[in-house]
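Structure first, then comments.
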Amino acid sequence: IKNIGVFTSGGDAPGMNASLYAIIKAASLKNITITGIWQGYDGMVDASFTHLHPKNLAPHVHQGGTIIKTSRSPRFLTLKGRIKAAKNLKKAKIDALIAIGGDGTFRGLMALKEICDIPTIGIPGTIDNDMMGTDYTLGFDSAVNTAINAIDNIRDTAESHNRIFLVEVMGRDSGYIAINSGLCTAADGILIPESKKDQVLLLNKLQHFKNRESLIIVVAEGDETGAIVMAEKIKAINKKVDVRITILGHIQRGGNPTAFDRLLGIRLGVAALDEVLKGTTNVMAGLLNNKITFTPFEKVVKQHKVQTELKELVELFSR
Ligand code: ATP
């Protein structure tokens, strides 16, 4: 293996640039060429390639996003698109791939394998942290810290008034960001998709809410209703309360990666490079119990990981 194609795909996540930097730096020390593929699978379909040098990445390790850009590529979902991509890889003499992305990205690599037999390794990059085969995905720690900073700011206003603040955080179908940011900000309620009784318990509690204090409720975007409908439900049972909604949205996706995400990106990047050079294929590099592990894509994409460790704390602190 002499020339490895790297790309970022799906949603961007803080730590992707750090991981790219580590791959390129480690590769340059082994005289391996790294070809950057612009904008995920779209760049593969369009033969949009660039040579990457560690100097290109070093100034961006501290930045969120991905300097080689990312995309969701409908064209790569078609066999025609994948055949074109495979031909472009061959023409550019790319003989292995490292992809940073979510489970969709790894499904893409599994589909590519059917028509193009080059080794491929994945690195988990998504703020949602719901991927099997790793305790942490790139970007999760940064997103939680961004959410915490925002909720801390809301807390100042909350303590100055008597209101209910609903703060909606990201995470798609997963409660990871809500659980972690809610616990760290002493939220009075945490609503997550994984719990069926949390809304009922909260609404019972709010029936007797006397408007003499403020409450902060963190709502996962994938929860049964989301913050807007939840606010209506609260007003329906207690007309006197003043409810305010903040939807944090995409501010959680950007921002400088935390030390944890930079190091995770660097560790997984170097490990992925070493492993792909051995010819290992169709696996994702991850961190389990602080040890680098490699999990086959089939296992990674089978189901989403659910946070179980902190659920008892969430129930305890939501009372
Ligand atoms: P995120 O977790 O941020 O959503 P992701 O990698 O899961 O990241 P997706 O949009 O699901 O994001 O997938 C990225 C791209 O991978 C898709 O746009 C598509 O081009 C490709 N892809 C996904 N699933 C398949 C598949 N079954 N076959 C071929 N390509 C796929």
Discussion item. Looking only at segment 33-47, how many residues end up being aliphatic (A, V, I, L, M), more than 25 Å from Asp261 (Cα to Cα) and either away from the ligand (no atom under 16 Å from the Cβ) or not in a helix (DSSP H, G or I) (or both)?
Written reply: 1
Worksheet item: Just a yes or no: is a residue in segment 7-30 within 22 Å of Arg262 (Cβ to Cβ), without any contact (Cβ under 8 Å) to a residue 12 or more places away in the chain and more than 16 Å from the ligand (Cβ to nearest atom)?
Response: yes
Item to complete: Identify all residues within segment 299-313 that are modelled with pLDDT of 85 or more, part of a helix (DSSP H, G or I) and surrounded by 12 or more Cβ atoms within 10 Å (Cβ to Cβ); write none if there are none.
Response: Lys299, Val300, Val301, Leu313
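Here is a list: Ala158, Ala143. Which entry is buried (at least 24 other Cβ atoms within 10 Å of the Cβ) and either within 8 Å of the ligand (Cβ to nearest atom) or more than 19 Å from Thr50 (Cβ to Cβ) (or both)? Spell out the reasoning first.
Values: Ala158 fails: buried (at least 24 other Cβ atoms within 10 Å of the Cβ).
The match here is Ala143.
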Worksheet item: Quick one: what pairs do we get from segment 80-108, first residue in contact (Cβ under 8 Å) with a residue 40 or more places away in the chain, second within 7 Å of the ligand (Cβ to nearest atom) and polar (S, T, N, Q), C-beta under 6 Å, 6+ apart or different chains?
Response: Ala99/Ser9; Ala99/Thr105; Gly101/Ser9; Gly102/Thr126; Thr105/Ser9
Worksheet item: Taking segment 136-189 as the region of interest, how many residues are part of a loop (DSSP other than H, G, I, E, B), among the polar types (S, T, N, Q) and modelled with pLDDT of 95 or more?
Response: 2
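Among the residues of segment 125-138, which ones are closer than 21 Å to Glu221 by Cα, hydroxyl-bearing (Ser, Thr, Tyr) and buried (at least 22 other Cβ atoms within 10 Å of the Cβ)? Even if it seems obvious, please write down each step before you answer.
Quick first cut of segment 125-138, residues closer than 21 Å to Glu221 by Cα only: 125-132, 136-138.
Keeping just the survivors that are hydroxyl-bearing (Ser, Thr, Tyr) gives 126, 136-137.
Once the filter is applied, which keeps residues that are closer than 21 Å to Glu221 by Cα, hydroxyl-bearing (Ser, Thr, Tyr) and buried (at least 22 other Cβ atoms within 10 Å of the Cβ), segment 125-138 yields Thr126, Thr137.
Could you check segment 48-124 for strands (runs of 3 or more DSSP E) lying wholly inside it with 3 or more residues that are surrounded by 20 or more Cβ atoms within 10 Å (Cβ to Cβ) and more than 10 Å from the ligand (Cβ to nearest atom)?
Because the criterion is at least 3 residues that are surrounded by 20 or more Cβ atoms within 10 Å (Cβ to Cβ) and more than 10 Å from the ligand (Cβ to nearest atom), the strands (runs of 3 or more DSSP E) in segment 48-124 that meet it are 96-101, 120-124.
The values are calculated or read from the model by the stated rules, or taken from the named source; none is laboratory data. What you are looking at is a predicted structure, and each value in this text was computed from that prediction instead of being measured. Heads up, the Cβs are rebuilt from the backbone with ideal geometry, glycines too, and the neighbour counts pull from every protein chain shown.
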